[in-house]
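Here's the structure we're looking at; comments come further down.
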Amino acid sequence: AETAEPATVPGGTVAYYSAENSATRGRRVRLLQDLRLALERGELSLAYQPQIALVGERLVGFEALLRWYHPEFGQVAPSEFVPLAEESGLILPIGTWVLRDALRQLKAWRVEGIDIERVAVNLSPRQFEDPGLFDAVWAVLDEACLPKGSLELEVTESMALHDPVRAIELMARLRELGVVLALDDFGTGYSNLSQLKRLPVDVIKIDQLFIRQIVRDAGDAAIVRAVVALAHGFGLKVVAEGVESQAQVIKLAQLGCDVCQGYHYGAPMAANTVSGWMRERGFA
Ligand code: C2E
Ligand code: MG
Ligand code: MG
């Protein structure tokens, strides 16, 4: 049976076509049920996507992206299962596993002599709001025993601005631990410039929405140029997400962007293929 794609309607709510309603709901219920066991069954893994600094084409690090191989359905996209994990609260144990596994992997690479500076991990709203987050991050960093700057955490504007007083305090404390903080999907939320000025972040990741047409669309180029100016004014680095071509790289370099991430340099890859990729591309 065909699985129904949810149709996004204006206002951000999601509507399902009624003919496929029950099939969709069935898959959802099934995925939610199976997600509870996915961790202990070893069905979750992390894929790693490189981030390349434009000046000197230097490897900055890798973003860890969660993957779920379901025994029956095969790969399930994060856009499908992360929201389920979020709603059910499963994102808390899963998120802690992601943190621990990403740092374990970074440590393993270093032990093998593979020189990788940093790994970036995504946080979800529920994790960010969890009172136990700071202690969980502290514990995994303590366990991994890696130098400061080895872990980057990605949060979104809406997460940080939901309860800004608390968020600013939490982010400042994380930074004291040596965590690098990035604002993910920048430009898709309700950017509040006065609040942005106060957020203790190091990196702004411009959403791929603005990068996709950057070569042809003067409006998108103007947005990126403005975000770069703003970020640099605050002393932040700018990462472009979803970079798929050399033409985009050239354009982004002209616009002053610092780092590129996307299929042009490398798609998210299994951990055991990272060192081969690095050698092939001249990063090792
Ligand atoms: P994100 O953090 O913004 O990650 C970037 C997404 O863009 C990834 O999708 C990546 O595979 C995709 N991408 C990278 N380069 C390109 C490109 O050149 N072109 C295009 N079209 N896409 C590209 P993915 O892996 O499906 O993840 C989707 C989202 O799921 C992530 O967006 C993130 O919000 C969430 N996610 C993934 N892993 C985790 C995790 O461990 N924890 C949490 N809380 N969320 C996660
Ligand atoms: Mg991300
Ligand atoms: Mg993003």
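The values are calculated or read from the model by the stated rules, or taken from the named source; none is laboratory data. Treat the numbers as computed from the prediction; the structure is a model and nothing was measured. All Cβ positions, glycine included, derive from the backbone under ideal geometry; neighbour counts span all protein chains shown. The protein model used for the area step is the full one, side chains on, heavy atoms only, and it has no ligands, DNA or RNA in it. Shrake-Rupley method; radii C 1.70, N 1.55, O 1.52, S 1.80 Å.
Numbers for the structure displayed
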{"read-out": "So Val243, is it surrounded by 19 or more Cβ atoms within 10 Å (Cβ to Cβ), outside any strand (DSSP E or B) and away from ligand 2 (no atom under 16 Å from the Cβ)", "value": "no"}
{"read-out": "Any hit, the range 183-191, residues being in contact (Cβ under 8 Å) with a residue 40 or more places away in the chain, at negative phi and either more than 14 Å from ligand 2 (Cβ to nearest atom) or not β-branched (Val, Ile, Thr) (or both)", "value": "yes"}
{"read-out": "Segments classed as strands (runs of 3 or more DSSP E), wholly inside the range 13-113, with at least 2 members that are within 16 Å of ligand 3 (Cβ to nearest atom), surrounded by 16 or more Cβ atoms within 10 Å (Cβ to Cβ) and of a type in the set (Gly, Ala, Ser)", "value": "58-70"}
{"read-out": "Condition check for Val119: away from ligand 2 (no atom under 16 Å from the Cβ), in contact with a Phe, Trp or Tyr (Cβ under 6 Å, 6 or more places away or on another chain) and open to solvent by less than 10 Å² (accessible area, probe 1.4 Å)", "value": "no"}
{"read-out": "Close pairs (6 angstrom Cβ cut-off, 6 or more residues apart or separate chains): under 14 Å from Gly282 (Cα atoms) and at pLDDT below 95 in the range 51-64, within 16 Å of ligand 3 (Cβ to nearest atom) and open to solvent by less than 20 Å² (accessible area, probe 1.4 Å) anywhere", "value": "none"}
{"read-out": "Some residue of the range 255-271 being away from ligand 1 (no atom under 16 Å from the Cβ) and part of a helix (DSSP H, G or I)", "value": "no"}
{"read-out": "Hits in the range 130-152 - residues which are assigned to a helix (DSSP H, G or I) and either open to solvent by 30 Å² or more (accessible area, probe 1.4 Å) or touching a residue at least 40 places away in the same chain (Cβ under 8 Å) (or both)", "value": "Phe134, Asp135, Ala136, Val137, Trp138, Ala139, Val140, Leu141, Asp142, Glu143, Ala144"}
